[in-house]
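Here is the structure we will look at.
What follows is calculated from the coordinates using simple rules that are stated; it is not laboratory data. As the structure is a computational prediction, the values presented were derived from the model and not from experiment. Please note: Cβ atoms are built from the backbone with ideal geometry, for glycine as well, and neighbour counts cover all protein chains shown.
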Amino acid sequence: MARNTDKEIRNKVIYQIFTRNYKDGTFRAVESDLERIKALGVDIIYLLPIHPSGAVRRKGTCGSPYAIKDYRAIDPAQGTMEDFIHLTQAVHAAGMKVMLDVVYNHTSPDSWLAGNHPEWFFHKADGSFGNRIGDWWDVIDLDYSNTDLWDYQIETLKMWAEHVDGFRCDVAPLVPLEFWKRAKDEVETVRPGCLWLAESVEPAFITGCRKDGIPVWSDSELYQVFDICYDYDTYSYLERTQRGDCSLGEYLERVNQQEAIYPDNYSKLRCLENHDRPRAATMAPDQTVLRNWTAWTYFVKGTTMIYAGEEYCAEHHPTLFDHDPVSFDSDEDISSFIAKLGEIKKSPAFAYSTFSSKAIGLNNEVILALHEVNADAPVKQQTVMGIFSTTGRKQALKIDLPDGYYTNAITGESIDVFEKTVLYSGEPIILFL
């Protein structure tokens, strides 16, 4: 684990933005919305790649933001370098931080690097550019066996670190771990406390790469450098649970295992949706179920991320390859609900605890989870209980609590426990005990 990772990163909320699809697609549009974003309880704004996309093998009319033409340039459609710096300054003035997407496994085929340093790239047997992951036909892979590439990439990171507070590293497991270690150390001289988020990958991706002889890093290895890893080791179980293809208990077992297999100060990125995954509103049958799953992502141990539009229950998933603006016009606005969850998440109990969860209730369809503050924590010992329904069904729940009245931190409503039973409405509950 990154030794200096502060456990309080588990109290943070990230808001993910693809600038090209945010209103008119400019940095100025994002800047004009900072007050609203801040009010959601957001601590960190994470921007998808802001660089120009390549033209060769372009997907769609605009090209993928992950097929980068020049790591040191700004996509002119989004604004100028001055506009970007102005945005970062405005984010800082609002009391938030900025995280920039880093795509260091590959570039577009017509990138500046490919034109000026072809020797820094992976080449197929016939000598032509290529990539090791066949589905990514719009990009070509870099080859980190050349240490001059390391120097260039790290200098680029240091350039951006003058303005941003962290990096989300795309398919980080495909880039040498020793590179990330050196990059972290050198960036620290420019941006002390820089935050590092790894887009770690699904178990099937790891085993597939190893079968094909492609070096790839597991989450356990990535935690030597990164502060946060994606939750893709359990995400497929979450999706299968929502579809009814997996029991809730099986999913929760996978989540509970993370407490034992990762370092003491690990943090997972908890989200229902992102630019690579379906909109949460399309996976939940109704608003009650959606509220429960949303509350779960704030409660389960880790750093929470919401994707722009999630607060309006957006169902349309914007494409990465064309100008496809997120809709912020919806009657289903859960912004105040999300803001309340963000407020609750700031409790130290979510940072310095041992986490556990289990399925209870009718058909084992309700999550009962606990954060129990550790004895050596620098905060008062406390337990926080969360109850989240995957169906929204009303039912009597057996809860191991003394009889009495408790307050739901989300709504302020009183929860009556009688003979260790709660008449559960189906709405999410968080209790500070």
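The string of couplings for the range 110-121 from the Karplus curve (6.51, -1.76, 1.60, θ = phi - 60°) is 9, 5, 4, 5, 4, x, 9, 9, x, 6, 8, 10 Hz, one whole number per residue in order, with x for Gly and Pro.
What number, in nm² with one decimal, is the all-direction average of the projected area of the convex hull of the alpha-carbon atoms of the range 262-341?
Computing the convex hull of the Cα atoms and averaging its projections yields 6.2 nm².
Sorted on the mean count of surrounding Cβ atoms within 10 Å across their residues, most packed first, peptides 237-248, 168-179, 403-414 read 168-179, 237-248, 403-414. Computed over neighbours whose Cβ is under 14 Å from that of G361, the net charge equals +2, Lys and Arg +1, Asp and Glu -1. Among G166, G213, G54, the largest mean-square fluctuation in a Gaussian network model of the chain, built with springs joining Cα atoms closer than 10 Å, belongs to G213.
Given charges of +1 on the Cβ of Lys and Arg and -1 on the Cβ of Asp and Glu, with all other atoms neutral, how large is the dipole of the chain about its Cα centre, in debye to the nearest 20?
Once rounded to the nearest 20, the dipole reads 560 debye.
With θ taken as phi - 60° and the Karplus curve 6.51 cos²θ - 1.76 cosθ + 1.60 applied, the whole-hertz 3J(HN,Hα) list for the range 248-253 is 4, x, 5, 4, 5, 4 Hz, x standing for glycine and proline.
Here, P(r) means the percent of Cα pairs in each 10 Å bin from 0 to the largest distance; for the chain it is 4, 21, 31, 25, 13, 4, 1, 0. Here's how it looks for I45: its modeled amide H is under 5 Å from those of Y15, K97, V98, M99, which are all 5 or more places away or on a different chain. How much net charge surrounds G426 when only other residues with a Cβ under 15 Å from its Cβ are counted (Lys, Arg +1; Asp, Glu -1)? Every neighbour counted, the sum reads -1.
Here the range 41-158 is described by how far its Cα atoms reach on the three principal axes: 53, 34, 25 Å, from widest to narrowest. Distance between the pseudo-spin-label points of R243 and T411 (7 Å out from Cα toward the beta carbon): 3.2 nm. Along the range 388-393 the Karplus relation, 6.51 cos²θ - 1.76 cosθ + 1.60 evaluated at θ = phi - 60°, assigns HN-Hα couplings of 9, 9, 8, 10, x, 6 Hz to successive residues, with x for each Gly and Pro.
For P318, what charge total do you get from the other residues with a beta carbon under 10 Å from its beta carbon, if Lys and Arg give +1 and Asp and Glu give -1?
0
Amide H to amide H, with H built 1.01 Å from N, I415 comes under 5 Å of Y406, T407, N408, counting only residues 5 or more places away or on other chains.
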